[in-house]
Structures are given as structure tokens and as C-alpha cells.
Amino acid sequence: QVQLVESGGGLVQAGGSLRLSCAASGSIFSINAMGWYRQAPGKEREMVADMSTGGTTKYAGSVKGRFTISRDNAKNTVTLQMSSLRPEDTAVYYCHVWAGSSDYWGQGTQVTVSS
């Protein structure tokens, strides 16, 4: 089992920046990819950014160039730096981890971008 605790999020004006962090605990030896998903009201959950243990990153097209994912394998944390935020980035953001053949989700943190 892996437990995920998220921090960050909140309300920001369009064009602003926010930083999300997620700390993993539990069976952390089996963690592979770490990343972030988001779900806006009435929409499906979507991948925002993902990073493998080796450092390979994937980004949703809508956030490329604006969001940066990083992780500290020694501390088992993953961070999402979000810049140039837009109202359409408003959503609940979830930390997501693959560990072995299972995946785990954080509780979610709200990000609201006002126009």
C-alpha cells in the first residue's frame, strides 16, 4: 500500500502560478511513475503530467510549456509547478502513483483560476 498526501493548490488569478506537492509513504520501494491528473466539473479525469523513476516526462498538450513536473526519488515526493495559469486549468488535481502493478490516488486538491 502507498499513501499519498498532497499540498498546495488554492485560488489564483489568470496568469499566476501555483505549486502542488505530493509525498508518498508506505510501500515506496515499489514506486514507478509519479504524476498528476485533474478533473474539472462535468469532465473526465485527465493526465496532466507524469514522470518515470528514470526521469522521463509526459505532459498533456494543454499544459506543455506552462507546467513542470519534478520528483525527488530520495524523498518520494513529486511536485507540479504551474505557471501562466488559465481559467480552464480550474479543476481538482490528484497525485497519482504506480507501485508494482497497482496504482494509488491522493485525496485531491482544488485549483481555481479566476479570470
- Would you work out the charge dipole size for the chain about its Cα centre, treating the Cβ of every Lys and Arg as +1 and the Cβ of every Asp and Glu as -1, and quote it to the nearest 20 debye? 200 debye
- Item | Extension reserve of the residue 43-residue 66 stretch, reckoned as 0.36 nm per residue once the Cα distance is removed | 6.2 nm
- Task: May I ask you to list the GluC sites (Glu not before Pro) in the range 30-101 that are in a DSSP loop and have at most 12 other Cβ atoms within 10 Å of their Cβ?
- Result: 44
- Using alpha-carbon pairs under 8 Å, 6+ residues apart, how would you state the relative contact order of the chain in percent? 36 percent
- Cα extents of the chain per principal axis, largest first, Å, are 42, 25, 22
- In nm, what is the difference between 0.36 nm times the number of residues separating residue 112 and residue 75 and their Cα-Cα distance? 10.5 nm
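Test of understanding: what is the full-extension gain from residue 88 to residue 5, defined as 0.36 nm times their sequence separation minus their Cα-Cα distance? It would help to have the intermediate numbers written out before the result.
Details: separation 83, 0.36 × 83 = 29.88 nm, distance 2.46 nm.
The residue 88-residue 5 span can extend by a further 27.4 nm.
None of the figures in this text is laboratory data; all of them are computed from the coordinates on show. Only a predicted model underlies this, so the values are computations on that prediction, with no experimental measurement involved. Using ideal geometry, Cβ is built from the backbone for each residue, glycine included, and neighbour counts are taken over all protein chains shown.
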